[in-house]
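Read the structure below first, then the notes.
The values are calculated or read from the model by the stated rules, or taken from the named source; none is laboratory data. Fair warning: this is a prediction, and the values are worked out from it, not measured in the lab. Cβ placement follows ideal geometry from the backbone for every residue including glycine, while neighbour counts extend to all protein chains displayed.
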Amino acid sequence: MLKTKADSEVKERILKAARDLFIEKGYNGTSIRDIATASGTNVAMVNYYFHSKYNLFEIVFEDAFTGLQEKIFSTLTSDLPFFELIETVIDSYYEMLLEYPQIPIFILNEVNQNPERLSDRIRITNPHNAFAKISERIKEEEKRGTIRETPPIDLLLNLLSLCVFPFILKNLGSNVANVSPEEYTVMIEKHKKYVIQFVINALKK
């Protein structure tokens, strides 16, 4: 019993250190040795409990991605006023991606290497229900004359692209703009307000 508790505490310590380092330095900038040092363990212990840096990142990714999915789908199926719903979805993407900027790159890797596993993750949260609900809301708003005719899939793809692409381009964007990654992050935070207004203006008649 004591060994099980001790193992659990060590694993949690390693996982917390890995999560903090991945957020601060990114996947490529973090080594197993960094994680071991930050967690007060050693490389052998990290490998014993988690086998590889990739497995550790996948656990961190799973928590972040699941949380993001649940929040997005919960918002899409909510009864929030339509434009407030749109703003909340964009806020949710930016809030999560500012905390976990590696998620988009990791998703791209999963799409290329493990598409079935990624699909299974998404299906768990019943995306068809969310899509049906937002489709109904769009039709209602069209009938009221508050928005122009808008195919639901186009709206969702536009939201996803506008929210995710700035984070995919973080390294390139900061180099091209000749700013530090920290300055680029500030630019992205300001850009969120533009995205919200851009999407709402595009929807309005």
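Some notes on this structure:
- Residue in the stretch 46-57 that is touching a Phe, Trp or Tyr at 6+ places or on another chain (Cβ under 7 Å) and either modelled with pLDDT of 80 or more or crowded, with 17+ Cβ neighbours inside 10 Å (or both) present: yes
Residue by residue, here is whether (1) in contact with a helix residue (DSSP H, G or I) (Cβ under 8 Å, 6 or more places away or on another chain); (2) crowded, with 17+ Cβ neighbours inside 10 Å; (3) assigned by TED's automatic domain parsing to the domain that holds K71 holds:
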position	(1), (2), (3)
H128	no, no, yes
T150	yes, no, yes
L155	yes, yes, yes
L169	no, no, yes
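- Residue check, K133 of a type in the set (D, E, K, R), surrounded by 13 or more Cβ atoms within 10 Å (Cβ to Cβ) and over 23 Å from F61 (Cβ atoms): yes
- When the stretch 46-105 is filtered for residues that are over 20 Å from I14 (Cα atoms), small (G, A, S) and under 11 Å from the mean Cα position of the chain (by Cα), the ones remaining, listed by number, are G67, S92.
- Pair list, Cβ under 8 Å, 6 or more apart: the stretch 54-81 residue over 19 Å from A130 (Cα atoms) and in contact (Cβ under 8 Å) with a residue 40 or more places away in the chain, other residue not in a helix (DSSP H, G or I) and not aliphatic (A, V, I, L, M): F57/Y27; F57/Q102; V60/Y100; F61/Y100; F61/Q102
- Of residues in the stretch 70-117 being among the acidic types (D, E) and under 22 Å from K192 (Cα atoms), the one surrounded by the fewest Cβ atoms within 10 Å (Cβ to Cβ): E84
- Within the stretch 103-129, the set of residues being of a type in the set (A, V, I, L, M) and within 25 Å of L169 (Cα to Cα) comprises I103, I105, I107, L108, V111, L118, I122.
- Residue check, N201 closer than 12 Å to I86 by Cα and either modelled with pLDDT under 95 or not acidic (D, E) (or both): yes
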